[in-house]
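The values are calculated or read from the model by the stated rules, or taken from the named source; none is laboratory data. Bear in mind that the values here come from a model prediction, so they are computed numbers and not experimental data. As a convention, Cβ positions derive from the backbone with ideal geometry for all residues, glycine included, and neighbour counts pool all protein chains shown.
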Amino acid sequence: MFTWKKILGAFFGFCLLGMGAFIVLYLMIGIPKGNAAAQEQSNIYKYSNGKTLARTGTTNREIVDLAVVPKRVQRTFIAAENKSFYEDNGVDLKGMTRGLLNTLSGKGKQGGSTITQQYVKNYYLTQDQTVTRKLQELVISLKVEREYTKDDILAGYINTSFYGRSAWGIQAAAQAYYRVDAKKLDVAQGAYLAALLQAPSQYDWAVASKTSRKLVKARWNYVLDNMVEKGWLPKGERDDLKFPIPKQPQGAPGMEGQTGYLVDAANNQLARQLVSDGSVSDVDTALAKIRQGGWTITLNINKNKQTKLEKAVKERLTSKLDKKKRKVDAYIQAGAVSVDPKTGKVVAMYGGVDYFKHYSNNATRRDYQPASTFKPVILAAAVDEGAETQDGDPIAANTIYDGDSRHKVMDDGTPVGFNPPNEDNVDYGDVTVQTAMNKSINSVFAQMGVDVGMEKVMEVAGKLGMDTEDMQAVPAQTLGSMGASPLEMAGIYATLDNHGKKVTPTIIASAKHRDGAVEFPDPIGEQVISENAADTVTSVLTGVVDDGTAKTSVRDNPARDGQQVAGKTGTSDENRSAWFTGYTPKLVTSVGLFGEDMSKNGKHVSMYNAVGVPRINGGGFPAQIWATYTFGVMGEVTKFDLNTEQGAAVEPTDSPTPTETPSETPSETPTTEEPTTTPPTTPKNTPTDPETTPEETPETTPEETPTDGDIDLPDDPNDPQAG
């Protein structure tokens, strides 16, 4: 029935139908009026009580003539996106076909568009990934090529593209990244801006991860290499070019104080949800859609709690900073997040001293070590997994460990090559797990991590809410040597507070657009660790407050009024960060202090001698901020309802220590994080290479204010040598 003549005829018939359909489309679709500016509307952001937090919508764009932009800067965009721009007809048929097939198959956004097509999409159409929109793009691109010059198209493209930092168009981008007008850009800066267009939020140097920085540098090199290939840039000059690190971002008008941090956090969560829904293909496209306006976004931020958190940071920290008296005070950054553990609502957030003065949100940044605030995760994994010590004893609050500094961590009788020092290199002898948590004894938790199995520890960390995708399961992680944010740590502790049911902090209560409302997943998820494991950790963490590193700032606070509290302090290598994450039955708050030299592009630096004290510890300013805020908003006094018989909140059923082991640490023994006079010679939580054992304590002189360049930004938060 099927002859080659019929098959050939059908094929040609199909081609003729396709050609006919395209001709009809070409005749029917005209070049519409530009709609980019017309679509710009205000977004309204509200507090949880319905009162307006912010209204945004003024587009940061200034159209400039192409002649104003240096010729070589113009060509960086061609080298980045469309080397054949001056020769082609404005349409990449192969790329279009691939894009249509991927759209039909649900694979999402793919590359391959010409500059003309991208300009048409930006100026005349939308970012929607549909077959109809792509066909419109094809037809309009062909017509635009016939009616406009290449220079007109290139000018339209660089003036309508989104560059991140709320900058639309090359003039706004030049100011946002280099504080110059577009006419003053050099070829290296132009290549960065051209590279940036591939992923503006990912490639912004100020907030980019290590991987993203490598990617944008690779694309910058790609652009310049293409310039050489096209004969637009001499190779010798190209070889001499250095990557032009952008200036630090500045806040947008109307976003001063904490407002900008809250708005950005809400936009980022909404963008991720739009991608998850399949509404758009990637976060950058989603952010562009959000910035087009028309959204009413209600946040979970409680106006009273937000105000109290801001006041607590000012009262306990920022009002005491004196940059003229102490250079190191200029380096101190604070971030905090407060979460309702029963609902997952982010009720307050502190992102920094001011969105205009410090663009990056300290509450959501992940580049500093959480240090000892990670120790509860190790204990949670131990109890949840029913893990045992090397001697076969179940790990519980009253389990005995060797607490001596640099105790050799063993795995089935074999040293693993990781022997971390304790704070001040103190030897504690045999101690219970409860005492080890109270005094934040590194050697105990390093051994416990190996006993549980580091793979299991990292698996439980992921279940609790830590982003462990790129983390290595090595013993050095027991010291909290990975990167984490206050938002992340608040989520982990909220899950513990919620008896092991997963809590995913959410800043958005609702988001509505003229196209409809966005549905968000329930912040309260499934049981990720057992109730017994979560409650055991909570019980143990009450000991940190009542008899450990947080007792001075929290236990003895006169505003406590009998409130039961669980929490953990943390102070990282070289005192570059200090933490207190604590909770009551109704509220979880994580506070972090970070040493950051903004004059060195955000380099991590020590906080020794800041605010006039030898060392910033988790039990100091972070715990003080936590206590002032929490006890100021807590309402009625509450108690934990725990399903456990272990820990400081409940008297253990067995004797916690053998008779030959002291039941208490002598009062003259220094605690982990509360030095009273001078800083130690060994910084807290000094990560050690898991393959080697240091022969002596590192020499650190915290008496001196850190100087520029004495501490490098860690290349990799998973590197055990990273600070």
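Worth a mention:
- Cβ-Cβ distances below 6 Å connect the following pairs, each with a first residue in segment 353-368 that is closer than 10 Å to Glu256 by Cα, a second residue that is not aliphatic (A, V, I, L, M) and not in a loop (DSSP other than H, G, I, E, B), and a separation of six or more residues or different chains: Tyr355/Gly260; Tyr355/Tyr261.
Here is a yes/no grid of residues against (1) crowded, with 24+ Cβ neighbours inside 10 Å; (2) under 17 Å from the mean Cα position of the chain (by Cα); (3) closer than 26 Å to Val207 by Cβ:
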position	(1), (2), (3)
Lys311	no, no, no
Ala330	no, no, yes
Lys342	no, no, no
Lys345	no, no, yes
Met349	yes, yes, yes
Arg365	no, yes, yes
Pro376	yes, no, no
Leu379	yes, no, no
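- Considering (1) under 20 Å from Ala387 (Cα atoms); (2) in contact (Cβ under 8 Å) with a residue 24 or more places away in the chain, the lone condition that Lys502 does not fulfil carries the number (1).
- Identity of the residue in segment 522-535, of a type outside the set (Gly, Ala, Ser) and in a loop (DSSP other than H, G, I, E, B), that ends up surrounded by the most Cβ atoms within 10 Å (Cβ to Cβ): Ile529
- Subset of segment 582-625 [of a type in the set (Ser, Thr, Tyr) and either surrounded by fewer than 24 Cβ atoms within 10 Å (Cβ to Cβ) or in contact with a Gly (Cβ under 6 Å, 6 or more places away or on another chain) (or both)]: Thr584, Ser599, Ser606, Tyr608
- Evaluation of Val120 against (1) among the β-branched types (Val, Ile, Thr); (2) closer than 25 Å to Asp515 by Cα; (3) surrounded by fewer than 19 Cβ atoms within 10 Å (Cβ to Cβ); (4) at pLDDT 75 or above (one fails), failing number: (3)
- Conditions (1) more than 26 Å from Leu270 (Cβ to Cβ); (2) part of a loop (DSSP other than H, G, I, E, B); (3) not β-branched (Val, Ile, Thr): number failed by Glu519: (1)
- Pick from segment 281-304, criterion part of a helix (DSSP H, G or I) and modelled with pLDDT of 95 or more, ranking: surrounded by the most Cβ atoms within 10 Å (Cβ to Cβ): Lys303
The rows are residues; the columns are (1) free of Cβ contacts under 8 Å to residues at least 24 places away in the same chain; (2) touching a Lys or Arg at 6+ places or on another chain (Cβ under 6 Å); (3) closer than 14 Å to Val588 by Cβ.
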{"position": "Met466", "(1), (2), (3)": "no, no, no"}
{"position": "Val474", "(1), (2), (3)": "no, no, no"}
{"position": "Thr478", "(1), (2), (3)": "no, no, no"}
{"position": "Thr495", "(1), (2), (3)": "no, yes, yes"}
{"position": "Asn498", "(1), (2), (3)": "no, no, yes"}
{"position": "Thr506", "(1), (2), (3)": "no, no, yes"}
{"position": "Arg514", "(1), (2), (3)": "no, no, no"}
{"position": "Thr538", "(1), (2), (3)": "no, no, yes"}
{"position": "Ala550", "(1), (2), (3)": "no, no, no"}
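- The residue that is farthest from Ser530 (Cα to Cα), among those in segment 363-406 that are of a type in the set (Gly, Ala, Ser) and part of a helix (DSSP H, G or I), is Ala371.
- Ala330 passes every criterion in (1) at pLDDT below 95; (2) part of a helix (DSSP H, G or I) apart from (1).
- Test: residue in segment 314-323 that is at pLDDT 95 or above and touching a Lys or Arg at 6+ places or on another chain (Cβ under 6 Å): no
- Taken together, Ala191, Ala182, Ala172 contain a single residue that is touching a residue at least 40 places away in the same chain (Cβ under 8 Å), farther than 30 Å from Met482 by Cα and in contact with a strand residue (DSSP E or B) (Cβ under 6 Å, 6 or more places away or on another chain), which is Ala172.
- Among the residues of segment 552-584, those identified as in contact (Cβ under 8 Å) with a residue 24 or more places away in the chain and part of a helix (DSSP H, G or I) are Thr552, Ser553, Val554, Asp573, Glu574, Asn575.
- When residues of segment 481-520 are limited to those that are among the β-branched types (Val, Ile, Thr) and within 30 Å of Trp579 (Cα to Cα), the one surrounded by the most Cβ atoms within 10 Å (Cβ to Cβ): Val503
- Test: residue in segment 487-500 that is among the aliphatic types (A, V, I, L, M) and part of a loop (DSSP other than H, G, I, E, B): no
- Taking segment 407-430 as the range and being outside any strand (DSSP E or B), surrounded by fewer than 21 Cβ atoms within 10 Å (Cβ to Cβ) and in contact with a helix residue (DSSP H, G or I) (Cβ under 7 Å, 6 or more places away or on another chain) as the test, only Val416 passes.
- Meets criteria (β-branched (Val, Ile, Thr) and more than 17 Å from Asn43 (Cβ to Cβ)) for Val228: yes
Rundown of residues vs (1) over 27 Å from Gly647 (Cβ atoms); (2) out of contact with any strand residue (DSSP E or B) (no Cβ under 9 Å at 6 or more places or on another chain); (3) modelled with pLDDT under 95, yes/no style:
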{"residue": "Lys357", "(1), (2), (3)": "yes, yes, yes"}
{"residue": "Asn361", "(1), (2), (3)": "yes, no, no"}
{"residue": "Arg365", "(1), (2), (3)": "yes, no, no"}
{"residue": "Pro376", "(1), (2), (3)": "no, no, no"}
{"residue": "Pro394", "(1), (2), (3)": "no, no, no"}
{"residue": "Asp402", "(1), (2), (3)": "no, no, no"}
{"residue": "Gly417", "(1), (2), (3)": "yes, yes, yes"}
{"residue": "Asn425", "(1), (2), (3)": "yes, yes, yes"}
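- No other residue among Thr343, Thr307 is assigned to a loop (DSSP other than H, G, I, E, B), closer than 26 Å to Asn49 by Cα and polar (S, T, N, Q) apart from Thr343.
- For segment 463-480, the set of residues classified as among the small types (Gly, Ala, Ser) and in a helix (DSSP H, G or I) consists of Ala476 only.
- Residue that is of a type in the set (Lys, Arg) and either within 30 Å of Tyr86 (Cβ to Cβ) or touching a Gly at 6+ places or on another chain (Cβ under 9 Å) (or both), where the choices are Lys210, Lys235, Lys289, Lys247: Lys235
- Qualifying residues in segment 585-598 (those that are aliphatic (A, V, I, L, M) and not in a loop (DSSP other than H, G, I, E, B)) - the one farthest from Val545 (Cα to Cα): Met598
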